[in-house]
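Heads up, the thing below is written out as structure tokens.
Please treat every number below as a calculation from the coordinates, not as lab data. Remember, predicted model here, so these are calculated numbers, not experimental data. When we count neighbours, we look across all protein chains shown, and the Cβ atoms used for this are built from the backbone with ideal geometry, even at glycine.
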Amino acid sequence: MSADAVLTVRQLRKEYPSPIRGAEPVIAVDGVDLDVHPGECLAIVGESGSGKTTVAKTIVGLEQATSGTIAVGGQARHAAPRRHRDRVRWAGEVQYVFQDPYSSLNPRQRIGTVIETSVAIHRPELRSDDRRRVVADLLDDVGLGGGYADRLPHELSGGQRQRVAIARALAANPRLVILDEAVAALDVSIQAQILNLLADIREQRPISYLFITHDLAVVNQIADRVAVMEQGRVVEEGTATEVLTQPAHEYTRSLIAAVPRSGWKPRRRSELAAIVHA
Ligand SMILES: Nc1ncnc2c1ncn2[C@@H]1O[C@H](COP(=O)(O)OP(=O)(O)OP(=O)(O)O)[C@@H](O)[C@H]1O
Ligand SMILES: [Mg+2]
């Protein structure tokens, strides 16, 4: 295991019982190795069903691995802890942002309360006025002014809700944020704004991302390295530029060929920003 990695995954395997009684189990993840280094964004790409979310869920403890090892900051993670205190510690290290924050935000909870709850869990030493100051700073960090604290989730756009989900994740001050198709439901211009926000956050904090997506254009904008998954395995890994411009594996070539745009070529974030703000 590399000692300085934020996340180390070795030979991770996850089997699910088959939905058909007596049939072979479904092997969702099959011997996956991954490393995420400090400050890095590693993208996992792959078609639907290739095992991306299962990898993420086992890292955060929402699923139990069948075999293999996971370590965060050099500390092995075994079965998800039962004790509240240990669960809080796990959540303080790795946060998970889902595709649709609407379903993960309580519709009756105001945005300020959503974030304040996370601050209260992860920084119990803060008094309530300090906590509120942290909430205001977090809203600011994700580009939402303090006026948003009193709003309910349905009063926000999809992009704004995703900003709230990011602020809630940052409230835990995690080493690693797993973003699972976190921009997939957004319009391309809003996607670019959220990707820019994530890039800015990474410049300001010691944070790493595990960025799960099926969209190679998004990979090109955010990731330093890419792991390509097919049927539960990592079939190719390299820098984003290498994998996107010189894919070694036939499957990766087919993923690139499947990008639904004629004459698609990788675009840098700066170029995209120029298009979006033109
Ligand atoms: N709880 C479960 N029970 C049984 N099989 C499951 C379960 N969760 C996932 N699977 C199976 O595991 C495989 C990997 O699923 P997973 O959700 O990890 O894929 P994914 O790459 O995230 O796909 P998508 O891009 O559609 O989100 C699939 O064959 C899926 O049907
Ligand atoms: Mg998934």
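Do you know which residues across segment 151-183 are part of a loop (DSSP other than H, G, I, E, B) and under 13 Å from the mean Cα position of the chain (by Cα)? Correct list: P174, R175, E181, A182, V183. Taking residues in segment 167-180 that are touching a residue at least 60 places away in the same chain (Cβ under 8 Å), and partners anywhere that are polar (S, T, N, Q) and within 16 Å of ligand 2 (Cβ to nearest atom), the pairs with Cβ atoms closer than 7 Å and at least 6 places apart or on different chains are D180/T53; D180/Q99.
Number of residues in segment 16-41 that are within 15 Å of ligand 1 (Cβ to nearest atom) and either within 18 Å of H249 (Cβ to Cβ) or surrounded by 21 or more Cβ atoms within 10 Å (Cβ to Cβ) (or both): the value is 6. Hey, can you tell me all the residues within segment 63-80 that are part of a loop (DSSP other than H, G, I, E, B) and aliphatic (A, V, I, L, M)? Passing the criteria: A65, A79, A80. Taking segment 68-100 as the range and being within 16 Å of ligand 1 (Cβ to nearest atom) and in contact (Cβ under 8 Å) with a residue 24 or more places away in the chain as the test, the residues that pass are G68, I70, Y96, V97, F98, Q99, D100.
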